[in-house]
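For reference, the structure is listed below as structure tokens.
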Amino acid sequence: MTEVNILAISGSLRTGSTNTALLRAAQKHAPSGVSISLYENLGAIPLYNGDLDTDSPPTAVEELRAAIAEADGLLIATPEYNYSIPGVLKNALDWASRPAQSSALLHKHVAILGAAPGNFGTVRAQLALRQVFLWTQSKVVVRPEVLVFNCAQRFDEADNLTDETTIELMREQLTVLRDQILGSVSSPHTSHSG
Ligand code: FNR
């Protein structure tokens, strides 16, 4: 099977981030034909400044744009901060979205997931993130949605994802992302069972 290369971006800078742990689990449990690499330089992206957005942007920005452009798709794990996405993630996407007519995000396939300790599993942050990808014309996987609520119960002490339901749902989402990239899905799946 053709292998698709996915760049995974966590919206949390914390060493012990649950969302980053979720992406490590996605790497470990990826379905066949999916290879996932983790983007680890979010903290080095400067605040967006149009004056710096020239033909020679900051190195970290250039590298981020190149990494996104080279990937077949993105997997973004977002925490929920105040009912939205973290500023660091929005900032990186703002950089990646320029120039608008030829950005690395233009028509890029994207899957979104997120983990939170409460009962809502980042649903509001994920909706906010989907809205960002309207402007960039990115092709976001519609379903299954992966909302990892009560996340503390789903990881062991070494931050390994142990919850089989979450693992299975994540694998389904990655399968849809893979098939969408390979062009074998003409319309979005309509149920959580894929
Ligand atoms: C939060 N948290 C949070 N949780 C939530 O479910 N809805 C929310 O609106 C917020 N708001 C919020 C704002 C800020 C500034 C912080 C720091 C935290 C809690 C958040 O879900 C929790 O800290 C997660 O563990 C963050 O994800 P990582 O860092 O573990 O990946």
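The values are calculated or read from the model by the stated rules, or taken from the named source; none is laboratory data. These numbers come from a predicted model, not from an experiment. Ideal geometry is used to build each Cβ from the backbone, glycine not excepted, and the neighbour counts take in all protein chains shown. Ligands, DNA and RNA are excluded from the accessible area calculation, which covers all protein heavy atoms including side chains. Shrake-Rupley method; radii C 1.70, N 1.55, O 1.52, S 1.80 Å.
Remarks
- Candidates K108, K28 - the one that is open to solvent by 30 Å² or more (accessible area, probe 1.4 Å), out of contact with any helix residue (DSSP H, G or I) (no Cβ under 6 Å at 6 or more places or on another chain) and of a type outside the set (G, A, S): K28
- Residues satisfying the stated conditions in segment 68-95, i.e. touching a residue at least 60 places away in the same chain (Cβ under 8 Å) and within 16 Å of the ligand (Cβ to nearest atom): L75, I76, A77, T78, P79, I85, P86, V88, L89, A92
- Of the criteria (1) open to solvent by 60 Å² or more (accessible area, probe 1.4 Å); (2) outside any loop (DSSP other than H, G, I, E, B), which one V132 fails: (1)
- Residues in segment 44-98 that are within 30 Å of G118 (Cα to Cα) and either open to solvent by 60 Å² or more (accessible area, probe 1.4 Å) or among the acidic types (D, E) (or both): L47, E80, Y81, N82, Y83, K90, D94.
- Among the residues examined, P144 qualifies as open to solvent by less than 50 Å² (accessible area, probe 1.4 Å), at pLDDT 95 or above and part of a loop (DSSP other than H, G, I, E, B).
- The set of residues in segment 1-25 that are of a type in the set (A, V, I, L, M), open to solvent by less than 70 Å² (accessible area, probe 1.4 Å) and touching a Gly at 6+ places or on another chain (Cβ under 7 Å) comprises V4, I6.
- Of residues in segment 23-54 being within 16 Å of the ligand (Cβ to nearest atom) and not in a helix (DSSP H, G or I), the one farthest from the chain's Cα centre (by Cα): E40
- Lone qualifier among R65, R98 - being assigned to a loop (DSSP other than H, G, I, E, B) and either hydrophobic (A, V, I, L, M, F, W, C) or away from the ligand (no atom under 16 Å from the Cβ) (or both): R98
- The selection criterion, being among the polar types (S, T, N, Q), in contact (Cβ under 8 Å) with a residue 40 or more places away in the chain and open to solvent by less than 60 Å² (accessible area, probe 1.4 Å), does not hold for S35.
- Of all residues in segment 172-184, those that are in contact (Cβ under 8 Å) with a residue 60 or more places away in the chain have Cβ atoms under 6 Å from Cβ atoms of residues that are open to solvent by 40 Å² or more (accessible area, probe 1.4 Å), 6 or more apart or on another chain, in V176/H189; I181/D72.
- Boolean, T20 is within 16 Å of the ligand (Cβ to nearest atom), touching a strand residue (DSSP E or B) at 6+ places or on another chain (Cβ under 7 Å), over 23 Å from Q180 (Cβ atoms) and polar (S, T, N, Q): yes
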